1. Taking every residue in A:172-183, how many Cβ atoms of other protein chains lie within 10 Å of its Cβ, on average?
2. What lysines sit close enough to residue B:266 to cross-link, taking a C-alpha to C-alpha distance under 25 Å and skipping anything fewer than 8 places away on the same chain?
3. Quick one: with label points 7 Å out along Cα→Cβ, list the inter-copy distances for residue A:370 in nm, shortest first?
4. Within 10 Å of each Cβ in B:144-154, how many Cβ atoms from other chains are there, averaged over the peptide?
5. Name the shape class, rounded, prolate or oblate, that the alpha-carbon gyration tensor gives for region B:300-339, where a ≥ b ≥ c are the square roots of its eigenvalues, rounded holds for a/c under 1.5, and otherwise prolate holds if a/b is larger than b/c and oblate otherwise.
6. Hey, how many Å between the Cα centroid of region A:607-676 and the Cα centroid of region B:253-277?
7. What is the fewest-to-most order of A:442, A:161, B:642, A:381 by other Cβ atoms lying within 10 Å of their Cβ?
8. Could you give, in nm with one decimal, how far residue B:356 is from each other copy of that position, shortest first, with labels 7 Å out from Cα toward Cβ?
Protein chains: 2
Amino acid sequence: MTLPTLAGTLMSGTVAAQTSPAFVNTLMPEPAHLTEGAGWLPIRPGFAVATDKFHDQRLDHTIARAMQQLTQQTGVVIREAPAGSKAALIISVDGPGEPVQGVDENESYSLDVTPQGAHLHAATDVGAMRGFATLLQLVQVSGQGYYLPTVSIQDAPRFPWRGLMIDCSRHFEPVNVIKRTLDGMAAVKMNVFHWHLTDDQGFRIESKVFPLLTQDGSNGLFYKQEQAREVVAYARARGIRVVPEFDIPGHATSWIVGYPDLASAKGPFTIERHFGVFNPVLDPTRESTYQFLDQFIGEMATIFPDAYMHIGGDENNGVEWAHNPRIQAFMREHGLKGTAALQAYFNQQLLRILDKHGKKMIGWDEIMTPGLPKDVVVQSWRGFDSLATGTREGYTGILSAGYYLDHMDSAADHYRVDPLPAGNKLTPAQAARILGGEACMWGEYVDAKNIDSRVWPRTAAIAERLWSPQSVNNIDDMYRRLWAESLRLEALGLTQISQENASLRALAGTDQIAPLQTLATVLEPVNFATRAEWSDAHHVTTLMPLDRLVDALAPDPPSRHDFEELVSTYLQNPVAHPEQQAALEAIFRSWTADQPERVLLMAESPQLAETLPRARQLTEMGTMGLEAVGFLSSGVPAPPAWKAAKLAILDEADQPIALTRFTVVQAMRNLINEVK
Amino acid sequence: MTLPTLAGTLMSGTVAAQTSPAFVNTLMPEPAHLTEGAGWLPIRPGFAVATDKFHDQRLDHTIARAMQQLTQQTGVVIREAPAGSKAALIISVDGPGEPVQGVDENESYSLDVTPQGAHLHAATDVGAMRGFATLLQLVQVSGQGYYLPTVSIQDAPRFPWRGLMIDCSRHFEPVNVIKRTLDGMAAVKMNVFHWHLTDDQGFRIESKVFPLLTQDGSNGLFYKQEQAREVVAYARARGIRVVPEFDIPGHATSWIVGYPDLASAKGPFTIERHFGVFNPVLDPTRESTYQFLDQFIGEMATIFPDAYMHIGGDENNGVEWAHNPRIQAFMREHGLKGTAALQAYFNQQLLRILDKHGKKMIGWDEIMTPGLPKDVVVQSWRGFDSLATGTREGYTGILSAGYYLDHMDSAADHYRVDPLPAGNKLTPAQAARILGGEACMWGEYVDAKNIDSRVWPRTAAIAERLWSPQSVNNIDDMYRRLWAESLRLEALGLTQISQENASLRALAGTDQIAPLQTLATVLEPVNFATRAEWSDAHHVTTLMPLDRLVDALAPDPPSRHDFEELVSTYLQNPVAHPEQQAALEAIFRSWTADQPERVLLMAESPQLAETLPRARQLTEMGTMGLEAVGFLSSGVPAPPAWKAAKLAILDEADQPIALTRFTVVQAMRNLINEVK
């Protein structure tokens, strides 16, 4: 490196920056309509913002928050325009929106940017929030400064229900985790936070009427009512509804620890520490159960203003009902044939209670039992067919099958799942009953440290599926924007990028983790089924720490898709793609480099040592990759048996080790298979 | 890299791990007495803990928290021993300690570990907390598992007041930041959180009696009383007192925005946005001022149970008192000569109010005015001499001069400052009046994102100075343990390591930041004076974002001390230190590598572009370093004028650029100067 070269590089950078930067669209979700124009609106000192119509405190706070983000990003202090002076950004909002945000809230907005100024228009505060999310994603940068591109955007969501469920029962998540999750949701225009507050493994919301619910059922890990109200207000400020879930009659062990009279079997009970489907279920035959639920739901209704209350309803195995003679007698007496009929009876009583407290019911597929009113919302973990059946019967529903974040599927997998898939045979009226979908973050293997990397950035792909037109479906482009969105989410305070290295430092006991990082970037957790099977076999409980390498790894890291894309482009014509060849060689060399250091680091930590074979496999893949590129780029064939030997190594590398899997095996296979 | 080598490396790692690992002492602070024995206590499944004397809820929670940390670190689920069974760790505590923790709280403990078991003994819950902090730092690891070494520790603090002040006025810090700071403090055995809650730039604690204090004086950024109580409880659970500061009569602009009648000049007033010493000061001549303070302090006393309340008292410039004829008349009438006398009068009234509410006074040096009772504590920003003067007059005091974290000094600089320096001429009775010290994190250039890296790990060095015997003063050993402690602090949830890279990603707009990291690791913020001067010249306000490279950089990063140590060892005999030579060459090569990529990354971001000359300087230093090592290791002299030219380059590199400075210039000078 000589100084003239340096200066030259710098110089050319400067020159390039002085011309208008090209508009790089990293919007996520993609808006419904975007037209690009010529020219730019610079964000420079003096850039001011003003409202020219309605405004209230919620809108004022929205503007202040957005401008603070813009200031933080650009270093340019953005102010409210003094009265009478010209503002670079004008906000026109017609009115406040619904007092309690509902499914019908108007979230549409338009955003027009010209070199003279920007204009955001929305019917409601919530629409304005969506517009600001877009505006913040529009910001472009060059070495000289920040700009908004000339665009005209008209945008509205495809589905009105775009949710994220977080299970805070199996592992508790502190309020600050919930808040930063809400920040992330708002950034990608999601509008429902579904708060799974009770399950067998813990009761997480304070009841003042029934204090033993948390005293005996939570191990001290629960949200005070004041904190829950704070979350509801925080969400409303961001245009997000909060739908609380109290999962009954099954999944209810944590209820009956403190109140055994609610149970269908004889106590005493203890908080469930394992994962799965368990027998404890509320007793649907006693009037006292409904008196309890009436009081409890009445109390919760004072905290959660949303029109909907989620009552779970899933995975009641019926065992305790079948084994309790008194309950069996009740069923005979009431002509209830089977436990499904008894659960339908339970739901009817529950509906009456919800109705009394002004709430509509939402529950999982199993609540679709005869006699339910049509304004019940069914959340389908079973899939589109179950949902479609419901809509034909007149139920409304949302899709969650295909959006289970704990399954450790790729963003692309989730992205391909559509609540209204092309070619569905629903009538327009039936289709309109499918309100949207929810990503689900079940909590078996998630704690406050790693939840961000399990939720983000993959949830942004689901958010786009639920907001953007169906035609927005290019996987490569989705990933390109997903990585950009991930950086923005991190700037909001989410830790999905930084936590992996922090965990690697903790595991290795040193901050010199570079050799380990190379390996970690091409590993991800095994899928849910593999982990659940292993956990059952090893009697894993909620008390065991999530402190292994698998818990540090992000699912679907950039290495998978980006490497596949690189290999695929290279393979289009290996002898004529020197740039891709060089990129692949650099990757393969990094896999073979620092191997002794990597092995030593891993051997010195019990939690890393279990993954040691991965270090050897990485080196083997690096070596075969370099050889493969050598053969392919030169057109020289490999020696006999070379290919078979390498594919065998890849088969071995494809087996789970310590609950980890490689992200690059499939692309490596594609590469090796092309060698002659 | 061939596979046999790999297997060999792995094998030797395994063999080494099967022998007992050597005890690596990374305790921080160092205990008063430690004796090492032979053998190890393994931490393996079945490791259980029990109390054999007193226990209460606070101790139970302390044990549960410590065992959860141990479980998280080791993957071994640690349980309470079932009654009658043998526990590997026995906790013997005599009693609960003081109902409100005071300066005299007994924090001593002893910890004995043998291969048969561990025994922690303490007089109080708080002593047990200190013992657990040591126990968690004692854990050793090999590839086979985790161990406690055989040791006998008797430990007690040198000083009873070991504090950290955080200024939450100039920039607000959310509750979760405060909580993780308290976790860090507990880990290094600090026991006073001094909460600077009011200043010119913001009033940060809710008063229900005087709601305009936060309504008009906080921009909505303040702690609700419930949150403050939560912080007090969180701190108590960790053996930490909370001393709130309400800075009066100066530094009081935020008080008078909502209550202008408190002021010594005519309003209206606005929240101060700049930094420095300002004129606004409470009016000490009106009875209404004292009625206000009486009610306010009475209200605060219900939130903060500590015996002490900090009233600030610093930097009242007296301007408004001197310019107000009514106040001047009052002074004449009461025979008060000068503003110092008037402030003494104010303090007397304040003392009466504090006394009424059961509080003792603590304030900065300026409160040492005639007629104050001797149980007032003086916090000295002026230094040991001011403190010593106070102790000779009978005052007790704590030292903060030398512990200002915002000065951006090194951990070594802070470590060398002693509240009772060797050779001081105090009598034992006078010396006993020096209670300890406090690290001070003033908030001009600190926000929620970067506060962790400004506080940690340097504060751990101050914590050691205040806890450990004076004889513990080896700088190299302190740094060795400081980096180990930093990793442990990160595992607690602090972000002082990870935030730098997160900020670099935000600044560069990409996650491919390796070339930038190389530069960032050898840069740190300029000292406070340089930044303050620049900020004054550029009219910096609290509204401007802290989003430049300087704000991402950690002060005193490992590069400074570790590089100095490496160069110093190498220079002892350059021709005979091949290991140090290789290490230096690797560092210098990393500085010259990836330079074009680094320049491009920086040129594309306005906030990074201002630091661009640093990229060239880094390459120049790398090049001269390689040349210098070449000359020194071969014994070949440099060409004429080489040395002068290189020293000139270093002089240029030593100048601040965009508020950054290099950490390695001094060591580079040492290296270059040794070339013949």
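Any read-out appearing in this document is the output of simple, stated calculations on the displayed coordinates, not a laboratory observation. Since the structure is predicted, the reported quantities are computational estimates derived from the model, not experimental observations. Glycine gets a Cβ as well: all are built from the backbone with ideal geometry, and neighbour counts include every protein chain shown.
1. 1
2. Straight-distance partners of residue B:266: B:337.
3. 9.8
4. Taking the mean over all residues of the peptide, I get 1.
5. Prolate is the answer for region B:300-339, as a/c is 1.5 or above and a/b outweighs b/c.
6. Rounded to whole Å, the Cα centres lie 69 Å apart.
7. B:642, A:381, A:442, A:161
8. Inter-copy label distances (nm, one decimal, shortest first): 5.2.
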